[in-house]
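Student: Submitted below is the structure of interest, expressed as structure tokens.
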Amino acid sequence: MKVISADEAAKLVRNGDHVLVSGSGGGHAIPEAVLESIEKRFRESGTPKDLTLVHVVGLGDRATKGAARFCHEGMLRRSITSALIDSPAMIELAFADKIESYTLPQGVLSQLMREMAAGRPGLITRTGLHTFVDPRQGGARQSPSAKDDLVEVMTIDGEEYLRFRPFPLDIVFLRGTTADEVGNVSMEHEAIFGEMLSTAQAARRAGGIVVVQVKRLARRGTLQAKNVKIPGILVDYVVVDPEQRQTYATDYSPAYAGELRVPAHALKRLPFDHRKIVARRAAMEIEPGAICNLGAGISTGISAVAAEEGILDHIVLTNEQGFIGGAPLTGVDSGASENYDAIVDQPYQFDFYDGGGLDIAFLSFAEVDPKGNVNISRFGSKIVGIGGFINISQNAKHVVFSGTFTSGGLEVKSGDGTLFIAKEGRHKKFVGGIEQVCYNGEFAAREGRTAIFVTERAVFRAVDGTLELIEVAPGIDLDRDILSQMAFCPKVAGDLKPMDARLFRAEPMNLLGDLDAR
């Protein structure tokens, strides 16, 4: 192992290389100092160019950091990731077909690192069947120039599976907290673990270079052996950045690192608005002892609702980054967690998810069609990507899809137990057809999985390949506020019920009492 500068690390990247970058979302375990130097080198010299950039989770501050540092014309040839939302510049390149863009499921990419490390012929899984990831529905492509088949359909013992093919790894940039003199790396200050070990092993198997950015150096033999996450035998170079932040928004939080638990009253609360109404109604689906996943977007607010209602200790919340228990975060640091019971490497969390370990999954939706198919990936000129959505929605026993009924300027008034639409959103979300199928309602029904759709004014359930309206908010007019704002006519339940009036008052709902009553 050799200690080098960030600028020296940047010079290791050659034209045409396959480059993998670790981390998640808003700066979690992202080797930002090295990425900044790679960008600087390209600006000054025009190299490295024609790169394939791989990152398991979306990376960036939705402005100039993370994956956006590679978004200069000519620098990238191909992008392979699960999500683009954190780097709008990448979305522009994909939409303009200036790069070959693929968005594979987050769990697939995470687990694929482990398969590649062992030299196996890719990842074989049912995850992605009958969605836009399936090669019969597009093969995860997000730009016309993405011609290669990264996934194929195969049959084993009469069952269909998808095989996600391995790809080269010429150089990988990972991150930890401390490295010793022989390259052993610990991650005591990091907000997530990701798949650092599997990625380093995969790069070594492929003959690639492993570079790890850390905050500090330690003498050989002083790191506790059980704390080493990346053994030195896998590390070629170490870059030290003493100014390394835990996330883009947070310099360091001991709660994110699991050093301490914050008091319950210190956990962030949501303001009383339509997003909180949705999160509250979704939280009403929680059963005592349920093992749950909280997806990105509006569903992350369920964690804050559970903390406010005092039910965190009665359920198990998880997220795909590897956290078990506690309160997954909302906002700019989403992806991290506080007061968690355990954290595992990301591939193992997806093993648990894919194996049917989730009782309830709370996920967001962008568009829903008459058959209960869901799109969160691509609509209009926006390419979001898929994240862990497909792994989670295809394998949980029950899925609660959450979102506002319309989007683009929606304003509501509430507080007295009723709801009033002060200003309707400009865009319908219940549409006649969707561009990309991220959740296949008919496939889910065939496999015995159930789903409901929660909004601030109405609740639907998936029944026999269609949507059935089962609840309407007090104060809402069925024709004016619901049916006229949909591009199709849902089935209306014969016993249509009002949504719980407690949802529309600012004070806590006593969900703990509801759980105890069950």
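The values are calculated or read from the model by the stated rules, or taken from the named source; none is laboratory data. The structure presented is a predicted model; accordingly, all values stated were derived computationally and were not measured. In this analysis, Cβ positions are derived from the backbone assuming ideal geometry, glycine residues included, and neighbour counts consider all displayed protein chains.
Student: Select from region 107-124 the residues that are in contact with a strand residue (DSSP E or B) (Cβ under 7 Å, 6 or more places away or on another chain) and crowded, with 24+ Cβ neighbours inside 10 Å and write down the one among them that is nearest to Asn440 (Cα to Cα).
Tutor: Val108
Rundown of residues vs (1) in contact with a helix residue (DSSP H, G or I) (Cβ under 6 Å, 6 or more places away or on another chain); (2) in a helix (DSSP H, G or I), yes/no style:
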| position | (1), (2) |
| --- | --- |
| Val182 | yes, no |
| Ser198 | yes, yes |
| Val211 | yes, no |
| Ile233 | no, yes |
| Gly258 | no, no |
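Student: So, one more: Scan region 42-52 residue by residue and report those that are touching a helix residue (DSSP H, G or I) at 6+ places or on another chain (Cβ under 9 Å) and either crowded, with 24+ Cβ neighbours inside 10 Å or on the phi > 0 side of the Ramachandran plot (or both).
Tutor: Leu51
Student: For Gly494, work out the one condition from (1) within 25 Å of Glu287 (Cα to Cα); (2) free of Cβ contacts under 8 Å to residues at least 12 places away in the same chain it doesn't fulfil.
Tutor: (1)
Student: Okay, next question. State all residues of region 260-277 that are of a type in the set (Asp, Glu) and touching a helix residue (DSSP H, G or I) at 6+ places or on another chain (Cβ under 8 Å); if no residue qualifies, say none.
Tutor: Those that are of a type in the set (Asp, Glu) and touching a helix residue (DSSP H, G or I) at 6+ places or on another chain (Cβ under 8 Å): none in region 260-277.
Student: Can you name every residue in region 88-103 that is surrounded by 20 or more Cβ atoms within 10 Å (Cβ to Cβ), touching a helix residue (DSSP H, G or I) at 6+ places or on another chain (Cβ under 8 Å) and more than 22 Å from Glu44 (Cα to Cα)?
Tutor: Within region 88-103, Ser101 is the sole residue that qualifies.
Student: If I ask for residues that are buried (at least 18 other Cβ atoms within 10 Å of the Cβ) and either in contact with a His (Cβ under 9 Å, 6 or more places away or on another chain) or of a type outside the set (Val, Ile, Thr) (or both), which ones from region 1-18 would you list?
Tutor: Met1, Ala6, Ala9, Ala10, Leu12, Asp17, His18
Student: Name the pairs: first residue in region 24-36 and acidic (Asp, Glu), second residue surrounded by 24 or more Cβ atoms within 10 Å (Cβ to Cβ), Cβ to Cβ under 7 Å, at least 6 apart or on different chains?
Tutor: If the second residue must be surrounded by 24 or more Cβ atoms within 10 Å (Cβ to Cβ), the pairs left are Glu36/Arg69.
Student: Provide a single number: the residues in region 495-518 that are assigned to a helix (DSSP H, G or I), closer than 16 Å to Phe272 by Cβ and within 31 Å of the chain's Cα centre (by Cα).
Tutor: Of the residues in that region, 4 qualify.
Student: I've got another one for you. I'd like to check which strands (runs of 3 or more DSSP E) are fully inside region 349-420 and have at least 2 residues that are closer than 18 Å to Leu294 by Cβ and small (Gly, Ala, Ser).
Tutor: 360-364
Student: Whether any residue in region 329-343 is charged (D, E, K, R) and in a strand (DSSP E or B) is what I want to check.
Tutor: So far as region 329-343 goes, yes, one or more of its residues are charged (D, E, K, R) and in a strand (DSSP E or B).
Student: Would you check if Arg77 is surrounded by fewer than 24 Cβ atoms within 10 Å (Cβ to Cβ), more than 21 Å from the chain's Cα centre (by Cα) and within 24 Å of Glu195 (Cβ to Cβ)?
Tutor: In short, yes.
Student: Here's a follow-up. Among the residues in region 220-243, are any of a type outside the set (A, V, I, L, M), within 30 Å of Gly325 (Cβ to Cβ) and surrounded by 23 or more Cβ atoms within 10 Å (Cβ to Cβ)?
Tutor: No; the residues of region 220-243 include none that is of a type outside the set (A, V, I, L, M), within 30 Å of Gly325 (Cβ to Cβ) and surrounded by 23 or more Cβ atoms within 10 Å (Cβ to Cβ).
Student: How many residues, within region 438-447, are surrounded by fewer than 22 Cβ atoms within 10 Å (Cβ to Cβ) and part of a loop (DSSP other than H, G, I, E, B)?
Tutor: Result for region 438-447: 1.
Student: For Val332, which of the numbered conditions (1) within 18 Å of Gln485 (Cβ to Cβ); (2) modelled with pLDDT under 95 fails to hold?
Tutor: All conditions pass for Val332, except number (1).
Student: Looking at Ala282, Ala290, Ala296, which one is assigned by TED's automatic domain parsing to the domain that holds Phe352, at pLDDT 95 or above and within 30 Å of Lys397 (Cβ to Cβ)?
Tutor: Of Ala282, Ala290, Ala296, the one residue that is assigned by TED's automatic domain parsing to the domain that holds Phe352, at pLDDT 95 or above and within 30 Å of Lys397 (Cβ to Cβ) is Ala282.
Student: Tell me which residues, restricted to region 312-326, are aliphatic (A, V, I, L, M) and either in a helix (DSSP H, G or I) or surrounded by 24 or more Cβ atoms within 10 Å (Cβ to Cβ) (or both).
Tutor: Across region 312-326, the qualifying residues are Leu312, Leu317.
Student: Further question: Quick check on region 184-219: of everything there that is buried (at least 24 other Cβ atoms within 10 Å of the Cβ) and of a type outside the set (A, V, I, L, M, F, W, C), which residue is nearest to Tyr237 (Cα to Cα)?
Tutor: Only one residue fits best here, namely Gln213.
Student: Which one is farthest from Pro474 (Cα to Cα) among residues in region 377-408 that are out of contact with any strand residue (DSSP E or B) (no Cβ under 6 Å at 6 or more places or on another chain) and surrounded by fewer than 15 Cβ atoms within 10 Å (Cβ to Cβ)?
Tutor: Ser381
Student: Taking the condition of being surrounded by fewer than 24 Cβ atoms within 10 Å (Cβ to Cβ) and touching a strand residue (DSSP E or B) at 6+ places or on another chain (Cβ under 8 Å), how many residues in region 20-37 meet it?
Tutor: So the count comes out to 1.
Student: Here is a follow-up. For region 126-175, which strands (runs of 3 or more DSSP E) that fit wholly inside it have 3 or more residues that are at pLDDT 95 or above and over 25 Å from the mean Cα position of the chain (by Cα)?
Tutor: Counting at least 3 such residues, we get 151-156.
Student: Here's a follow-up. Quick one: is Asp516 surrounded by fewer than 13 Cβ atoms within 10 Å (Cβ to Cβ), under 23 Å from Glu309 (Cα atoms) and not polar (S, T, N, Q)?
Tutor: When the stated conditions are applied, Asp516 passes them.
Student: Evaluate region 59-69: report whether one residue or more is assigned by TED's automatic domain parsing to the domain that holds Ile209, at positive phi and in a helix (DSSP H, G or I).
Tutor: Checking region 59-69: at least one residue is assigned by TED's automatic domain parsing to the domain that holds Ile209, at positive phi and in a helix (DSSP H, G or I).
Student: Within region 220-252, how many residues turn out to be without any contact (Cβ under 8 Å) to a residue 12 or more places away in the chain and among the small types (Gly, Ala, Ser)?
Tutor: Qualifying residue count for the region: 1.
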